[in-house]
Amino acid sequence: MDFKQFISENTWTKSEVSESHYVIDKNAAHSIRFDLFVAHIKTNGIKMRINDKSIPAYVDGDYYYWVVETSGRFKHTIIHRAYIISISEYVNPNAYDNLFQDEDSKMENAKLSEMIGQLEGSVLDVGCGTGLLLELKDIEDYTGIDASPLMVQKLIEKFPNRKHQVMICKAEILSKSGRKYDNVIALFSASYIQSPKAFFDLWNGKGKMFLMFYKEYYFPFTHERLSMFVPYKNRTMAELQVIFGEESVKAFNNYYIVQL
């Protein structure tokens, strides 16, 4: 089935949620094609967390699609479509990967792998990007989260067997689910998390916590080279020591690393 034809031939109604969010009701669409598209989203979608539920989201061009179904006496099926408008969602994953093929980046990554050491038990990769941690470590019980649909999609292209272990999700949202992990790792991504408390909410204390924060005054190399800006917060060593403990924070290149 040509899903682009289904998308273009039906009328999408603007949602009250935002200017970039549209919906289509089964009652207002070609029913057979509607059902096929729903099945396609469920089969080929990437996990995305909305509120307290994990659902499939299908990324196609500038949009991603997900399905909401209601049960009970009056069953209702609606396809949602949202435009990828945030720069953090729209960063080109191929260009991102290409930035880190130089020898200095490879040496830095090798040093980080050495610092992390062996990971036993469940691992949460916060801001998983295109899968750097999976390149560095052989992890069986893995969960990767990232706010960018395109980054998650690229990770799945590189590691197809991890499709059901990654999701489009922010750490702050997942932290409210009650799920905790033995190890919580955030390579180059901890500064994008609004509240460091989220890391404690996600960690059961059995394994390791390894977080990388930008030093004060550091402007991310990726932002400069890709002409992008994603909101982040620089933190001082003193700030981090208050949150995580004095002995747990140390300087490494342009970062402060928290190890617990």
Which residues, taken from the range 112-143, are out of contact with any Lys or Arg (no Cβ under 9 Å at 6 or more places or on another chain), in a helix (DSSP H, G or I) and touching a residue at least 24 places away in the same chain (Cβ under 8 Å)?
Leu112, Met115, Leu132, Leu133, Leu136
Flag for Glu157 being free of Cβ contacts under 8 Å to residues at least 24 places away in the same chain and farther than 21 Å from Met48 by Cβ:
no
Suppose we filter the range 160-183 for residues that are in a helix (DSSP H, G or I) and touching a residue at least 12 places away in the same chain (Cβ under 8 Å); how many remain?
11
Flagged in the range 96-109 as free of Cβ contacts under 8 Å to residues at least 12 places away in the same chain and more than 26 Å from Tyr64 (Cβ to Cβ), in numbering order, are Gln101, Asp102, Glu103, Asp104, Ser105, Lys106, Met107
Against the condition outside any helix (DSSP H, G or I), among the aromatic types (Phe, Trp, Tyr) and touching a strand residue (DSSP E or B) at 6+ places or on another chain (Cβ under 9 Å), how does Phe100 come out, does it pass?
no
Meets criteria (under 21 Å from the mean Cα position of the chain (by Cα), aliphatic (A, V, I, L, M), modelled with pLDDT of 95 or more and surrounded by 14 or more Cβ atoms within 10 Å (Cβ to Cβ)) for Met228:
no
Could you tell me which residue of the range 155-195 is surrounded by the most Cβ atoms within 10 Å (Cβ to Cβ), considering only residues that are under 15 Å from Leu132 (Cβ atoms) and under 11 Å from the mean Cα position of the chain (by Cα)?
Leu155
Could you grab me the full set of residues in the range 55-74 that are over 14 Å from Phe3 (Cβ atoms), at pLDDT below 75 and among the small types (Gly, Ala, Ser)?
Ser71, Gly72
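Would you call Glu246 at pLDDT below 90 and either farther than 22 Å from Asn109 by Cα or among the acidic types (Asp, Glu) (or both)? Talk me through it step by step, then tell me what you get.
Details: at pLDDT below 90: no; either farther than 22 Å from Asn109 by Cα or among the acidic types (Asp, Glu) (or both): yes.
In short, no.
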Which pairs do you get when a residue that is modelled with pLDDT of 65 or more, found in the range 11-26, comes within reach of a residue that is part of a loop (DSSP other than H, G, I, E, B) and of a type outside the set (Asp, Glu), reach meaning Cβ atoms under 8 angstrom, with the pair 6+ apart or on two chains?
His21/Ser15; Tyr22/Trp12; Tyr22/Ser15; Val23/Trp12; Val23/Ser15; Ile24/Asn10; Ile24/Thr11; Ile24/Trp12
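When you check Gln259 against the structure, is it modelled with pLDDT of 95 or more, within 22 Å of Val123 (Cα to Cα) and out of contact with any Gly (no Cβ under 9 Å at 6 or more places or on another chain), yes or no?
Details: modelled with pLDDT of 95 or more: yes; within 22 Å of Val123 (Cα to Cα): yes; out of contact with any Gly (no Cβ under 9 Å at 6 or more places or on another chain): yes.
When the stated conditions are applied, Gln259 passes them.
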Mind listing just one residue for me: the one in the range 217-260 that is assigned to a loop (DSSP other than H, G, I, E, B) and among the small types (Gly, Ala, Ser) and, of those, farthest from Ser189 (Cα to Cα)?
Gly245
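The values are calculated or read from the model by the stated rules, or taken from the named source; none is laboratory data. Keep in mind it's a predicted model, so treat the numbers as computed, not measured. We place every Cβ from the backbone using ideal geometry, glycine too, and count neighbours over all the protein chains shown.
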